[in-house]
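First up is the structure itself, then whatever we jot down about it.
The values are calculated or read from the model by the stated rules, or taken from the named source; none is laboratory data. Keep in mind it's a predicted model, so treat the numbers as computed, not measured. Here the Cβ positions follow ideal geometry from the backbone for every residue, glycine too, while neighbour counts run over all protein chains shown. SASA here: full protein model, heavy atoms, side chains in, ligands and nucleic acids out. Shrake-Rupley method; radii C 1.70, N 1.55, O 1.52, S 1.80 Å.
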Amino acid sequence: MTVYEFYNEISRLYPASLSSSWDNDGLMCCPDKNAPVKKVLVTLDATLEAIEYAKAGGFDTILTHHPLIFKGLKALNEDDVVGKRVLLAVTSHINVLSFHTRLDAGEGGVNDTLASLLELTDVVPFGDSEDPTLGRIGKSRIFDADSFAKLIKEKTGVPSVFSYCSGPISTVAVVGGGGGDFIRAAKACGADTLVTGECRYNSALDAAEDGMNIFVAGHYFTEMPVCQKLYSLAKEIAGAEAHIYTKVPELTF
């Protein structure tokens with residue numbers, strides 16, 4: 001299967017129509033769209049370190065969640081970190097495919113994965129006016145904050161969880177990554193709890209006083225689990241050898 005065919009097959013599952021209007025993902029870097037996909041590195045981010053790892057390991061394709069190129073490049077040179085990444089991928093003949101908010105919103109993507117990890121039931125999509133199906137909402141089997149925070153830590157591997165709680169847990173909304181802006185939409189859909197990766201302090205504090213429980217579990221840790229889905233796609237669609245590249249953020253105390 002060629003790179004272009006591989007991209008199109010994944011896009012059938014996660015079409016660009018699901019992407020947020022501000023997003024930029026897709027076939028990020030493609031030195032040769034007719035090149036065969038034989039060895040795929042799956043990672044959350046196409047960092048320099050990940051691309052160098054792919055080059056050293058003989059990978060021809062990198063499959064990511066976060067876009068390699070998010071904002072428009074004004075120049076392509078090694079003075080810019082994104083430009084440096086793109087140049088390294090091109091000169092190493094490595095293709096980079098990114099599926100961002102469409103993977104958040106799509107079936108079996110970031111938020112379905114997170115909802116499953118947290119053992120939610122009766123899960124349905126939710127969102128705001130711009131992204132009506134980006135998040136997920138469901139019922140929790142755990143009702144107290146301490147036990148729920150322990151479940152989040154156990155299932156995502158996050159070392160610590162910031163919690164802003166005001167009452168028992170019943171209906172939980174999840175938005176992996178930077179989902180703090182979905183507090184109002186989650187409450188409007190009947191949620192008493194939101195689990196996300198990032199949320200502004202004041203927003204979380206205000207939400208707790210307004211009756212919402214907020215659990216902030218880290219951008220990386222709430223989204224990294226979806227890499228297992230991307231790994232499966234590489235194996236099942238392309239029949240390729242695949243490997244998940246894990247770079248856990250280091251914490252300094």
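Residues that are part of a helix (DSSP H, G or I), buried (at least 18 other Cβ atoms within 10 Å of the Cβ) and in contact with a strand residue (DSSP E or B) (Cβ under 7 Å, 6 or more places away or on another chain) within the stretch 232-253 comprise just one, Ala234.
Tell me which residues, restricted to the stretch 19-57, are within 20 Å of Ile237 (Cα to Cα) and assigned to a loop (DSSP other than H, G, I, E, B). Asp25, Cys30, Asp32, Lys33, Asn34, Ala35, Val37, Lys38, Leu44, listed by residue number. Restricting attention to the stretch 200-224 and to residues that are in contact (Cβ under 8 Å) with a residue 12 or more places away in the chain and open to solvent by 30 Å² or more (accessible area, probe 1.4 Å), the residue that is nearest to Gly157 (Cα to Cα) turns out to be Tyr220. Considering the stretch 1-18, the residues that are assigned to a helix (DSSP H, G or I) and either open to solvent by less than 30 Å² (accessible area, probe 1.4 Å) or in contact with a His (Cβ under 8 Å, 6 or more places away or on another chain) (or both) include one that is farthest from Ser232 (Cα to Cα), namely Val3.
Just checking, does the stretch 140-155 include any residue being in a strand (DSSP E or B), of a type outside the set (Lys, Arg), in contact (Cβ under 8 Å) with a residue 12 or more places away in the chain and farther than 14 Å from Thr196 by Cα?
No, the stretch 140-155 has no match at all.
Selection over the stretch 177-199 of residues that are crowded, with 21+ Cβ neighbours inside 10 Å and small (Gly, Ala, Ser) gives a count of 6. Of all the residues in the stretch 67-99, those that are open to solvent by 20 Å² or more (accessible area, probe 1.4 Å), in a loop (DSSP other than H, G, I, E, B) and touching a residue at least 60 places away in the same chain (Cβ under 8 Å) number 1.
A search for C-beta distances below 7 Å between a residue of the stretch 15-26 that is at pLDDT 95 or above and any residue that is open to solvent by 40 Å² or more (accessible area, probe 1.4 Å) and not in a loop (DSSP other than H, G, I, E, B), counting only pairs 6+ apart in sequence or on different chains, returns Gly26/Ala16. Considering (1) buried (at least 19 other Cβ atoms within 10 Å of the Cβ); (2) touching a residue at least 60 places away in the same chain (Cβ under 8 Å); (3) of a type in the set (Ser, Thr, Tyr), the lone condition that Thr133 does not fulfil carries the number (1).
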